[in-house]
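Novice: Pasting a structure here, questions to come.
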Amino acid sequence: MTAPTVGVDIREVDPRDGLQIETPIPTAAKLELVDALAATGVRRMEVTSFVSPRAIPALADAEAVAAHLDRWPRVTFSALVAGLGGARRALAAGLTRLEYVVSASDGHSRANVGRGSAESIALIAPVAELVHQAGGHLEVIIAIAFDCPFDGPTPPERVSEIARRAVLSGADSLSVADTIGTATPVRVCDVLTRVRSAAPGMDLGLHLHDTRGQGLANAWAAYTLGIRQFDASVGGLGGCPFAPGASGNIATEELAYMFEDGGIATGIDLDKTLSAARVAERLLDKPLGSGLLRAGGRPVPATAAAD
Ligand code: ZN
């Protein structure tokens, strides 16, 4: 088999998805983590979310974090929002690339943002208008795209219908999220194929959790379908506070290892992701679950050329 050579584009989500269920850490510690993550070579980072501080106390300092981001000019930062209020706060804080999350199920949507899925869909257009007035970019993330902890399996046609509505409402790009980590490769391909045909030509990314050990298999399946944008978190940190049993994102270092070992460029330095994961472990004072972090990368002879 000839190794594919097309690169993939990884978005680091440690400072947002990674930290949101953790005990809050000081802003200065977050900036130390962002610094370590930026050093990995990653070009995109979801750095916080502008949501209710009561709902997500760990991200209550979104404005304070945003105030420092010009220290890393090579990274494109974005933030997650759940409605118009959050979008206004993010734009006022200088972040113009926003992710607006729509849950595909009512149960998760109500637990996550206190309103039903249809109401969240109806808000895409005004959020997009606000973002576009500020010259920004709006990605719509379709959460719970596979299964809901409250409502059971998500019908795939529900996901493609939300994608279609998002495009009509002004979304600039889309992302499909396996929020609770139940997807498997065949279902990933099914849902992504449906979303592709409902939203032809749209940039489409994938957000995976490794809760049941399917994360990398799912990412590879999506890659074979042509998906090139993936969310990941260094160390495999992460999880949704309103999805019982949720656990970490796919680990950035494991995703980069898989692609790079197949000749697919990620722009990410493996050793530096391991350093960043150790920074996260120190700041959070706990070990992280990434297997590659425990085992290290592929052994390289000391005399090997530096290429
Ligand atoms: Zn997530």
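The values are calculated or read from the model by the stated rules, or taken from the named source; none is laboratory data. Because the structure is a prediction, the values reported are computed rather than measured. Here the Cβ is made from the backbone with ideal geometry for all residues, glycine too, and neighbour counts use every protein chain on show.
Novice: Collect the residues in segment 160-189 that are within 16 Å of the ligand (Cβ to nearest atom), over 14 Å from residue 225 (Cβ atoms) and assigned to a loop (DSSP other than H, G, I, E, B), keeping them in residue-number order.
Specialist: 179, 180, 181, 182, listed by residue number.
Novice: Here is a list of conditions, (1) away from the ligand (no atom under 16 Å from the Cβ); (2) acidic (Asp, Glu); (3) farther than 25 Å from residue 97 by Cα; (4) crowded, with 17+ Cβ neighbours inside 10 Å, and residue 157 meets all of them except one; can you say which number that is?
Specialist: (4)
Novice: Go through the residues of segment 98-106 one by one and say whether even a single one is under 24 Å from residue 36 (Cα atoms) and at pLDDT 95 or above. I'd like the intermediate steps shown before the answer.
Specialist: Going through segment 98-106, the residues under 24 Å from residue 36 (Cα atoms) turn out to be 98-99.
Checking the rest, the ones that are also at pLDDT 95 or above come to 98-99.
Taking every residue of segment 98-106 in turn, at least one turns out to be under 24 Å from residue 36 (Cα atoms) and at pLDDT 95 or above.
Novice: Which residues, counting only those in segment 111-148, are buried (at least 18 other Cβ atoms within 10 Å of the Cβ) and modelled with pLDDT under 95?
Specialist: Selection gives 111, 112, 113.
Novice: While we're on this one: When you scan segment 228-251, do you find a residue that is within 30 Å of residue 275 (Cβ to Cβ), of a type in the set (Ser, Thr, Tyr), surrounded by fewer than 24 Cβ atoms within 10 Å (Cβ to Cβ) and within 15 Å of the ligand (Cβ to nearest atom), even just one?
Specialist: yes
Novice: Determine which single condition residue 217 fails, assuming it passes every other condition in (1) surrounded by 24 or more Cβ atoms within 10 Å (Cβ to Cβ); (2) away from the ligand (no atom under 16 Å from the Cβ).
Specialist: (1)
Novice: Could you check, for segment 262-277, whether at least one of its residues is within 16 Å of the ligand (Cβ to nearest atom), touching a residue at least 60 places away in the same chain (Cβ under 8 Å) and farther than 20 Å from residue 143 by Cβ?
Specialist: Our first condition is that a residue be within 16 Å of the ligand (Cβ to nearest atom); within segment 262-277, this holds for none.
No, that holds for no residue.
Novice: Between 46, 63, 32, 22, which is of a type in the set (Asp, Glu), within 14 Å of the ligand (Cβ to nearest atom) and either buried (at least 24 other Cβ atoms within 10 Å of the Cβ) or at pLDDT 95 or above (or both)?
Specialist: On the way: 63 fails: within 14 Å of the ligand (Cβ to nearest atom); 32 fails: within 14 Å of the ligand (Cβ to nearest atom); 22 fails: either buried (at least 24 other Cβ atoms within 10 Å of the Cβ) or at pLDDT 95 or above (or both).
Sole residue among the options that is of a type in the set (Asp, Glu), within 14 Å of the ligand (Cβ to nearest atom) and either buried (at least 24 other Cβ atoms within 10 Å of the Cβ) or at pLDDT 95 or above (or both): 46.
Novice: Can you tell me which residue among 138, 192 is away from the ligand (no atom under 16 Å from the Cβ), in contact (Cβ under 8 Å) with a residue 12 or more places away in the chain and either under 21 Å from residue 52 (Cα atoms) or of a type in the set (Phe, Trp, Tyr) (or both)?
Specialist: Step by step, each of 138, 192 is checked, and only 138 is away from the ligand (no atom under 16 Å from the Cβ), in contact (Cβ under 8 Å) with a residue 12 or more places away in the chain and either under 21 Å from residue 52 (Cα atoms) or of a type in the set (Phe, Trp, Tyr) (or both).
Novice: If you don't mind, another one. Tell me which residues, restricted to segment 9-19, are more than 18 Å from residue 180 (Cβ to Cβ) and either near the ligand (Cβ under 10 Å from one of its atoms) or in contact with a helix residue (DSSP H, G or I) (Cβ under 9 Å, 6 or more places away or on another chain) (or both).
Specialist: Passing the criteria: 10, 12, 14, 15, 19.
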